[in-house]
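The values are calculated or read from the model by the stated rules, or taken from the named source; none is laboratory data. This is a predicted model, so every value here is computed, not measured. When we count neighbours, we look across all protein chains shown, and the Cβ atoms used for this are built from the backbone with ideal geometry, even at glycine.
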Amino acid sequence: VKLNGITSLYSIILQGVAGVSFQGDIALDNLQLVDGNCPSDLPFECDFDDENLCGFINDPTEKHRWI
């Protein structure tokens, strides 16, 4: 997405929440851009190209499986 009038680097982060079943849709509503910097102390970066999936595992007690 190109933002008119923005000349510095920026990130747009979208987060999803699982519903009650595997069937569902996703929608984006009421997006808001706020001026300011992202925190520089994020714990790590991950793009899931690493074969160990960045150390994430499925919780066996959770009903949704994401990997």
Consider VAL1 carefully, then state whether it is in a loop (DSSP other than H, G, I, E, B) and either at pLDDT 70 or above or under 14 Å from the mean Cα position of the chain (by Cα) (or both).
no
Here's a check for you: in the stretch 4-27, which residue that is exposed (fewer than 10 other Cβ atoms within 10 Å of the Cβ) and among the small types (Gly, Ala, Ser) is farthest from the chain's Cα centre (by Cα)?
GLY5
